[in-house]
1. Output the number of the condition that residue 51 fails; it satisfies all remaining conditions of (1) touching a Leu at 6+ places or on another chain (Cβ under 8 Å); (2) farther than 16 Å from residue 79 by Cα.
2. Could you say whether any residue in the range 48-58 is surrounded by fewer than 18 Cβ atoms within 10 Å (Cβ to Cβ), touching a helix residue (DSSP H, G or I) at 6+ places or on another chain (Cβ under 6 Å), without any contact (Cβ under 8 Å) to a residue 40 or more places away in the chain and of a type outside the set (Lys, Arg)?
3. Could you list, in sequence order, all residues of the range 89-111 that are more than 17 Å from residue 10 (Cβ to Cβ) and at pLDDT 90 or above?
4. Within 14 Å of residue 3 (Cβ to Cβ) and either under 13 Å from the mean Cα position of the chain (by Cα) or modelled with pLDDT of 95 or more (or both): is that true of residue 114 in this structure?
5. Do you know which residues across the range 7-39 are touching a residue at least 60 places away in the same chain (Cβ under 8 Å) and buried (at least 18 other Cβ atoms within 10 Å of the Cβ)?
6. Being of a type in the set (Asp, Glu) and assigned to a loop (DSSP other than H, G, I, E, B) is the filter here; which residues of the range 87-108 pass it?
7. Considering each of 61, 98 in turn, give the residue that is touching an Asp or Glu at 6+ places or on another chain (Cβ under 8 Å) and among the small types (Gly, Ala, Ser).
Amino acid sequence: MAKKILLIDDNRLTREINGSVLEQAGYKIVSAGDGSQGLKKLEEEKIDLIILDLIMPGIDGFEFLKLCKKNPLTQHIPVAVLTIRDSPQDIETAKRLGAEVCLIKHKMRPKALLDSVRIILGE
């Protein structure tokens, strides 16, 4: 059975490109355009991994991480942050809040995302 990945990013093109790369590798993709939609998808679906942007309207990535890691039903789900913000403070904050890895969008190629997903999922 294909592992299910929740992509949360307010940029539709980013969701489509990364979703396509991951689908071609055999993963099932669930998408959300912001943190609120992401939380709703977590209630509706059994998710194996979350790929999360930090800068979004409404519930941003930091707040999403706090809420996700506080909830006993979702705290076990690994989170990979994929963001344009590359400040050491943001990366450290994301990791402190529970992110497994922080990938910087403008420095990352699709294969690097796929490699990170496979490592996090133990494949």
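The values are calculated or read from the model by the stated rules, or taken from the named source; none is laboratory data. Everything numeric here is computed off the predicted structure, so don't read it as measured data. Neighbour counts run over all protein chains shown; Cβ positions are idealised from the backbone, glycine included.
1. Every listed condition holds for residue 51 apart from (2).
2. yes
3. Correct list: 89, 91, 92, 93, 95, 96, 97, 98, 99, 100, 101, 102.
4. For residue 114, the condition - within 14 Å of residue 3 (Cβ to Cβ) and either under 13 Å from the mean Cα position of the chain (by Cα) or modelled with pLDDT of 95 or more (or both) - is met.
5. Within the range 7-39, the subset touching a residue at least 60 places away in the same chain (Cβ under 8 Å) is 9, 14, 17-18, 21-22, 25, 27.
Hits for the range 7-39 are 9, 18, 22, 27.
6. Quick first cut of the range 87-108, residues of a type in the set (Asp, Glu) only: 90, 92, 100.
Answer for the range 87-108, where residues must be of a type in the set (Asp, Glu) and assigned to a loop (DSSP other than H, G, I, E, B): just 100.
7. Working: 98 fails: touching an Asp or Glu at 6+ places or on another chain (Cβ under 8 Å).
Exactly one of 61, 98 is touching an Asp or Glu at 6+ places or on another chain (Cβ under 8 Å) and among the small types (Gly, Ala, Ser), namely 61.
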